[in-house]
Amino acid sequence: MIVILVGPPGAGKGTQCKKLVEQFDMKHLSSGDIFRSEIAGKTELGQKAKQHIDKGELVPDQLVIGMMISAVKDADYNCILDGFPRTLPQAEQLDIALDKENTKINAVIELAVNDETVVKRISKRRVCPECGAVYHLETMPPKKDGICDECGSKIIQRDDDKREVVLERLETYHKMTEPIISHYKESTAEYIEIDGSQQPKAITDDIVKRLKEV
Ligand code: AMP
């Protein structure tokens with residue numbers, strides 16, 4: 001099964017994907033996480049991606065499409081996609097690649113959250129640079145102040161979670177990513193809209209219920 005989670009930055013895509021893979025036998029593929037690990041590894045792709053990520057821009061399609069299509073293939077076409085596709089050409093190239101393998105996207109889940117909520121939420125988001133765990137200082141704080149529950153490292157604010165960059169990322173989302181919503185609404189994939197302003201547990205329950213019907 002192939003599921004896509006779409007929504008603005010800070011909608012909770014990563015948090016929800018981590019919960020969903022506990023309940024459904026699918027691999028979580030996050031393009032943002034792959035870029036962050038390329039950046040940490042100081043690879044050529046990582047250095048190129050960083051120049052765009054730091055400014056709140058999208059990484060150019062030609063650096064993303066091949067990387068993600070091979071990740072989907074490696075996951076045996078059984079995955080939850082988080083942060084990809086983010087542009088119409090990415091969505092179209094993914095459709096073509098899946099079509100060649102006689103497979104298709106089963107469901108697209110939109111986590112709908114307004115801009116104001118995003119800005120508020122992201123200002124309190126913290127991440128673990130070592131294991132990638134994500135926290136929210138109010139709704140999902142770590143047990144010990146400033147320390148990752150999973151691996152004991154110091155948690156930090158992502159550079160691209162700073163307010164000016166978040167505003168830029170939101171503008172990019174409306175301009176570049178929202179067009180994929182009508183693309184998927186017109187496709188054969190089940191389109192599921194979820195109120196992303198709810199608490200994380202309520203969102204997970206809603207998604208699980210709807211995905212079980214697919
Ligand atoms: P995320 O963790 O999904 O918010 O991704 C962090 C950043 O990585 C984004 O703001 C983009 O700069 C870049 N990125 C992640 N996925 C994509 C994608 N599918 N296309 C272009 N850029 C991406």
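The values are calculated or read from the model by the stated rules, or taken from the named source; none is laboratory data. In this text the structure is predicted, and so the values were computed from the model without any measurement. Using ideal geometry, Cβ is built from the backbone for each residue, glycine included, and neighbour counts are taken over all protein chains shown.
What the table below lists for this structure:
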{"read-out": "Which listed residue, of Arg121, Arg126, is in contact (Cβ under 8 Å) with a residue 12 or more places away in the chain, surrounded by 15 or more Cβ atoms within 10 Å (Cβ to Cβ) and out of contact with any Phe, Trp or Tyr (no Cβ under 9 Å at 6 or more places or on another chain)", "value": "Arg121"}
{"read-out": "Unique match (being at pLDDT 95 or above, over 14 Å from the mean Cα position of the chain (by Cα) and surrounded by 14 or more Cβ atoms within 10 Å (Cβ to Cβ)) among Ile4, Ile96, Ile69", "value": "Ile69"}
{"read-out": "Unmet criterion (only one of (1) within 12 Å of the ligand (Cβ to nearest atom); (2) free of Cβ contacts under 8 Å to residues at least 60 places away in the same chain) for Asp76", "value": "(1)"}
{"read-out": "Count - residues of the stretch 183-201 that are at pLDDT 95 or above, part of a helix (DSSP H, G or I) and surrounded by fewer than 15 Cβ atoms within 10 Å (Cβ to Cβ)", "value": "1"}
{"read-out": "Residues being more than 25 Å from Lys212 (Cβ to Cβ), within 16 Å of the ligand (Cβ to nearest atom) and touching a residue at least 60 places away in the same chain (Cβ under 8 Å) - total across the stretch 96-118", "value": "3"}
{"read-out": "Residues of the stretch 32-55 satisfying the condition of being surrounded by fewer than 19 Cβ atoms within 10 Å (Cβ to Cβ) and touching a residue at least 60 places away in the same chain (Cβ under 8 Å)", "value": "Asp33, Ala40, Asp54, Lys55"}
{"read-out": "Near pairs, Cβ below 7 angstrom, 6+ apart or cross-chain, from the stretch 136-164 (more than 27 Å from Glu57 (Cα to Cα) and at pLDDT 90 or above) to any residue that is exposed (fewer than 11 other Cβ atoms within 10 Å of the Cβ) and not β-branched (Val, Ile, Thr)", "value": "Asp149/Lys143"}
{"read-out": "Residues located in the stretch 8-43, provided they are over 19 Å from Ile69 (Cβ atoms), near the ligand (Cβ under 8 Å from one of its atoms) and over 11 Å from the mean Cα position of the chain (by Cα)", "value": "Arg36"}
{"read-out": "Qualifying positions in the stretch 44-62 - more than 8 Å from the ligand (Cβ to nearest atom) and assigned to a helix (DSSP H, G or I)", "value": "Glu44, Leu45, Gly46, Gln47, Lys48, Lys50, Gln51, Gln62"}
{"read-out": "Verdict on Arg86 being in a helix (DSSP H, G or I), in contact (Cβ under 8 Å) with a residue 40 or more places away in the chain and buried (at least 20 other Cβ atoms within 10 Å of the Cβ)", "value": "no"}
